[in-house]
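Reviewing the structure listed below.
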Amino acid sequence: MDYIKRMRAMIGHERMQAVGASVVVHRDGKVLLQKRRDNGCWTTHGGCVEMGETTEQAARRELREETGLTAGALELIGVFSGQEMFYTYPNGDQVSIVDVGFLCEDFSGQGLDQTDETTELRWFDFKDLPANISPPCRPALERGREMLRARRAETCEFEIRAIEGDLRAQTDDLIAAGWGGYSLVSRGVLHDCRDYPGLVAIAGGKVIGYLLHNIVGDECEILVLESLCENCGVGGALITAVTEMARAAGCRRIWLVTSNDNTHAIRFYQRRGMALCAVHLHAMDEARRLKPQIPATGNDGLPIDHEIEFEVVL
């Protein structure tokens, strides 16, 4: 930083070359981003390489300073340069950044809520990244996302099975951990997930996705659908399997509800050919009466107020 200050003293705000190192921190399909104090944008973690440092040393140092996390293994994402890496800081300093990006999935430590440079740390689903990402961070972030997507597509082979035997206990435990207990609420009805049949996606003997359903008359309700392997086709395979099962059982309709904050699911269901058929305003008030553990806010800080109903007619 002393070197940068000396250079700025000589050239003022003119554009200068700067070598930096950045870290994309990934866990379970989510990326950890920080919100900068100077421009209010979300960024990955990194900064300038100091004299005598390697780029990997700089990446580890910056990650620790900005997040409190200690990196284990780092994997090179790529080197990014050119006009897309031109940037002007809020104080007017212009730079042409050469960024060496790393992927970190092996880390330890307690994250810092804020630092002198940042106001917030937050995990984001790779499919729901915030709009205001600082431009110089985008190339490494996008390349990292593509690396992870390709890796999952190559390695994730799974099969769909009915939930029975040992799979029942595995699924029940996953639901309890991910949904705040065994109970779910839909359209003012409290359901105990342990009482309902369903389907699971299995890879290497492990449950990587599950779907519970409830057939009443000629309608099949999807009570819960969860994929634990992003971009592997698990959710789509489970929808296909339950559709075949419902059609064989003589059902004329498959339906489900999700909360208004679940924007990822809302997009997913529409891509799968399900139509938005109803919006149940303030339905979550009754849901919280039945299940008080339901939080007031959800994804992206949105208030959880309404139920969105989707259907497909068979």
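Where a number appears in this text, it was derived from the coordinates with a stated rule and is not lab data. As the structure is a prediction and not an experimental result, all values here were calculated from the model. Cβ: placed from backbone, ideal geometry, glycine included. Neighbour counts: every protein chain shown.
Structure above, values below:
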{"read-out": "Those lysines that a straight Cα-Cα span of less than 30 Å connects to Lys30, excepting residues fewer than 8 apart in one chain", "value": "Lys127, Lys206, Lys291"}
{"read-out": "Percentage, to the nearest whole number, of Cα pairs in the range 2-155 over 26 Å apart", "value": "22"}
{"read-out": "Residue of Ala162, Ala131, Ala237 that the Gaussian network model of the chain assigns the largest fluctuation, springs spanning Cα pairs under 10 Å", "value": "Ala131"}
{"read-out": "Whole-angstrom gap from the range 84-144 to the range 1-45, using each part's C-alpha centre", "value": "7"}
{"read-out": "Cα-based equivalent ellipsoid, the range 159-313: semi-axes from gyration tensor eigenvalues, Å", "value": "23, 19, 16"}
{"read-out": "Within-10-Å neighbourhood charge of Pro139 [Cβ basis; K, R +1; D, E -1]", "value": "-1"}
{"read-out": "Exposure proxy ranking, count of Cβ atoms within 10 Å, fewest first, for Tyr210, Tyr89, Tyr182", "value": "Tyr89, Tyr182, Tyr210"}
{"read-out": "Sites matching trypsin sites (Lys or Arg not before Pro) across the range 3-33 that sit in DSSP coil, with at most 16 neighbouring C-beta atoms within 10 Å", "value": "Arg15"}
{"read-out": "Local electrostatic count, Val19, Cβ distance below 11 Å [Lys/Arg +1, Asp/Glu -1]", "value": "-3"}
{"read-out": "Shape parameters for the range 187-257, alpha-carbon atoms, Rg then Dmax in Å", "value": "12.4, 37"}
{"read-out": "For the chain, calculated [θ]222 nm from helices alone, where every DSSP H run of n ≥ 4 adds -39500 (n - 2.57)", "value": "-8500 deg cm²/dmol"}
{"read-out": "Relative contact order of the chain, defined on C-alpha pairs under 8 angstrom at six or more residues apart (%)", "value": "14"}
{"read-out": "Residue order, fewest to most surrounding Cβ atoms within 10 angstrom, among Ser96, Ser259, Ser22", "value": "Ser96, Ser259, Ser22"}
